[in-house]
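The values are calculated or read from the model by the stated rules, or taken from the named source; none is laboratory data. Since the structure is predicted, the reported quantities are computational estimates derived from the model, not experimental observations. Every residue, glycine as well, gets a Cβ built from its backbone with ideal geometry; the counts of neighbours run over all protein chains shown. Quick note on the areas: whole protein, heavy atoms, side chains included, nothing else; ligands and nucleic acids left out. Shrake-Rupley method; radii C 1.70, N 1.55, O 1.52, S 1.80 Å.
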Amino acid sequence: MRVLLIGGTGLISTGIVKHLHARGIGDVTMFNRGQRENTIARDGGGEVRQITGDRTDFAAFEQRFAHEKFDVVIDMICYTPQQAESDVRAFSGRCGHFIFCSTVCTYGGKIPTNVLVDETFPQEPVSEYGRNKLTCERIFLDAHAAGRFNATVIRPSCTYGPGGRLIDNLESNPSTWDRVQRGLPVLCSGDGLGLWVATHRDDVGKLFAYSADNPTTFGRCYNATRDRNFTWRDFYREAAAAVGAPAEVLFMPADWIVAHDPKRFNLLHEITRYHGAYSSEKAKRDVPEFHCEIGFTEGAAETLADLRRRGAWRDSTGDEMYDAMVKKALAVGVKPVRL
């Protein structure tokens, strides 16, 4: 099997390559700009062929693959309808199976009556990111229906692991874990009882790798999350355990937090303030190899250690806005909850 990975050095991509090689698939190519650290070999993914280029240069991208065929193409960095349309032009008749990395953000923020969001849930995204991904999904599924290639859509949720960051409830690159280590109070929105799910990159990568050239997945969409959905209180407690210190958490309204800096706290504004619990039963049914094995505290410790290794650990000293927000909360009588 010949596999092309568009992207390849990102978080989930590393897990995909690891599991492709575990399947015995040695002919793996990745296409990207070559600007990020490639940790695939170091992280146990084996060797891959590298093609360097810019997929937003549509003419050059499509010409590069005009005379090459792949059994499977996995696009991890398609974010706009224009990029999706370029994929269809580039790979129609030139690949047997096209897998698109979408997102659970295509579902939006409504809370379902049955608690867990599965693939039948109405897609009403609240963010531009989610709306663009949904449009891309439809472009690829239309191409599938037209017989251009077999298409599969996979929707990860919060994914973490080496090479990435460990979010908190407020932002994608938080100073929270440094504050926990220093024994300082941290913030979380609401009462901390909102549901969430976080899945390690290697477990998510397994679904992509074992979906490849699996006819059962053709024309279908799948959530890619672990079984365990937990509260934000659980998230902070277990991430703090990975840090090695308890978390002293101040619970404040989401609107109050976002109002201090809507740009900085955009993750909270658009995503984490909403219900985020998902079912991946359909994926486990159709791809039996997909089962999540990495516990959150274990994976969080691995991720935080990698942040330090890369010099990407976010120091909380000098974060005057966050300090001021904590002081405001304490001043009005909010008591930290130890987790």
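Some notes on this structure:
- Solvent-accessible surface (1.4 Å probe) assigned to ASP178 amounts to roughly 10 Å².
- Over all other residues within a Cβ to Cβ distance under 15 Å of SER102, the charged ones net out to -2, with Lys and Arg as +1 and Asp and Glu as -1.
- Derived scalar couplings ³J(HN,Hα) [region 250-259; Karplus, 6.51 cos²θ - 1.76 cosθ + 1.60; whole Hz; x for Gly, Pro]: 9, 9, 10, x, 4, 4, 5, 5, 4, 4
- Element breakdown for the chain at a 1.4 angstrom probe: carbon and sulfur atoms account for 50% of the accessible area.
- Distance from the C-alpha centroid of region 269-313 to that of region 157-198: 12 Å, rounded to the whole angstrom.
- Sorting LYS263, LYS110, LYS18, LYS335 on solvent-accessible area from highest to lowest, probe radius 1.4 Å, gives LYS263, LYS335, LYS110, LYS18.
- The residues of the chain expose on average 41 square angstrom of accessible surface per residue, using a 1.4 Å probe on protein heavy atoms.
- Looking at the chain, the DSSP beta bridges with both ends there are about 10 percent antiparallel.
- Unit charges on C-beta of K, R, D, E only; dipole of the chain, Debye: 120
- Note that region 150-158 has calculated 3J(HN,Hα) couplings of 7, 10, 9, 10, 10, 10, x, 10, 5 Hz, one per residue in order, obtained from phi through the Karplus relation 6.51 cos²θ - 1.76 cosθ + 1.60 (θ = phi - 60°); glycine and proline are x.
- Taking the centroid of alpha carbons for each part, region 133-149 and region 47-89 are 15 Å apart.
- Peptides 8-16, 85-93, 288-296 ordered by average Cβ neighbours within 10 Å, highest first: 8-16, 85-93, 288-296
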